[in-house]
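J.: Sharing a structure with you now.
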Amino acid sequence: MNERLILMGVIGKPHGVRGLVRVHAHTEDADALAEYPLTDRTGRRFSLTWMHDNVAQLSEITPTGPHPITDRTTIEKLTNTELFTPRSALPEADEDEFYLTDLIGLKAQSEAGAELGTITAVHDYGAGASLELSPGARLVPFTRAAVPVIDLASGRVTVIPPTEIIGGEQA
C-alpha cells in the first residue's frame, strides 16, 4: 500500500480497569473518528466506539474480525499510539478547502511562472499553516495573499512570498 496515511488521533491514557481509553481526535468532529478505518504505524488495525466525552472502547481488527480490548494492561501499552486512516477514506474537500497533505508534492511557481521549488511539508503550530518549499527549506505562510492559486489537478501552486521573506525582491 503506497497511499498516504493521515493522522486522525492519538490513544491516550486508560480510563478505568475494563480497557476503556481516552482518545484525542484530530478531526473537526470527534465522533466521525469511529467511522474511519484506523491503523497504527505498524499496520495494526483498530476500530473504536465512543462511550462518552473522549473515552472509547478500542477493538483490534484481525482476520477473524474485531476483538474488543477489555484489559487495562493491554490498553496501557497502546498509550501514545497514533491512529491513521488512508487519504482515500476521507470525504472530498469543499471548494476552496484543502487537506494539507494534498499540498505536499505540488510544484510552487511565482506569478511570472518561475519555479520556486516543491512543497515538501506543511507546518501548523497553531498560528496558521505554512508551506515548506525545497530546495532551500523556505517557509511561506499558507494564506490567500501568499498562495493565491492552488491547482491540485495540475500539481501546481502560485506563491507570492511576503516581502519579509524575500527582502523586497520577487522572483
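The values are calculated or read from the model by the stated rules, or taken from the named source; none is laboratory data. These figures come from a predicted structure and were not determined experimentally. In this analysis, Cβ positions are derived from the backbone assuming ideal geometry, glycine residues included, and neighbour counts consider all displayed protein chains.
J.: Is there a residue in the range 149-164 that is small (Gly, Ala, Ser) and in a strand (DSSP E or B)?
T.: no
J.: Please work out which residue is modelled with the highest pLDDT, limiting yourself to the range 140-171 and to residues that are among the charged types (D, E, K, R) and within 17 Å of Ala114 (Cβ to Cβ).
T.: Arg156
Yes or no, residue by residue, for (1) farther than 30 Å from Val140 by Cα; (2) assigned by TED's automatic domain parsing to the domain that holds Val157; (3) surrounded by 15 or more Cβ atoms within 10 Å (Cβ to Cβ):
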| site | (1), (2), (3) |
| --- | --- |
| Val21 | yes, no, yes |
| Val55 | yes, no, yes |
| Leu58 | yes, no, yes |
| His67 | yes, no, no |
| Thr70 | yes, no, no |
| Thr74 | yes, no, no |
| Thr85 | no, no, yes |
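J.: Could you list all residues from the range 90-122 that are among the small types (Gly, Ala, Ser) and either part of a helix (DSSP H, G or I) or modelled with pLDDT of 90 or more (or both)?
T.: Within the range 90-122, Gly105, Ala108, Ser110, Ala112, Gly113, Ala114, Gly117, Ala121 meet the criteria.
J.: Separate question: Restricting the search to the range 1-19, which residues are aliphatic (A, V, I, L, M) and at pLDDT 95 or above?
T.: Across the range 1-19, the qualifying residues are Val10, Ile11.
J.: Among the residues of the range 104-115, is there at least one that is of a type in the set (Asp, Glu), over 15 Å from the mean Cα position of the chain (by Cα) and either under 30 Å from Phe46 (Cβ atoms) or assigned by TED's automatic domain parsing to the domain that holds Thr39 (or both)?
T.: No, because not a single residue in the range 104-115 is of a type in the set (Asp, Glu), over 15 Å from the mean Cα position of the chain (by Cα) and either under 30 Å from Phe46 (Cβ atoms) or assigned by TED's automatic domain parsing to the domain that holds Thr39 (or both).
Matching residues to (1) of a type in the set (D, E, K, R); (2) in a helix (DSSP H, G or I); (3) more than 14 Å from the chain's Cα centre (by Cα):
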residue	(1), (2), (3)
Arg18	yes, no, yes
Thr27	no, no, no
Arg41	yes, no, no
Glu60	yes, no, yes
Thr73	no, yes, yes
Asn80	no, no, yes
Thr85	no, no, no
Ser88	no, yes, no
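J.: Within the range 62-77, work out how many residues are among the β-branched types (Val, Ile, Thr) and in contact (Cβ under 8 Å) with a residue 24 or more places away in the chain.
T.: Residues that pass the stated criteria total 4.
J.: Pull up the range 1-16, narrow it to residues that are part of a loop (DSSP other than H, G, I, E, B) and of a type in the set (D, E, K, R), then point me to the one that is nearest to Ala121 (Cα to Cα).
T.: By that ranking, first place goes to Arg4.
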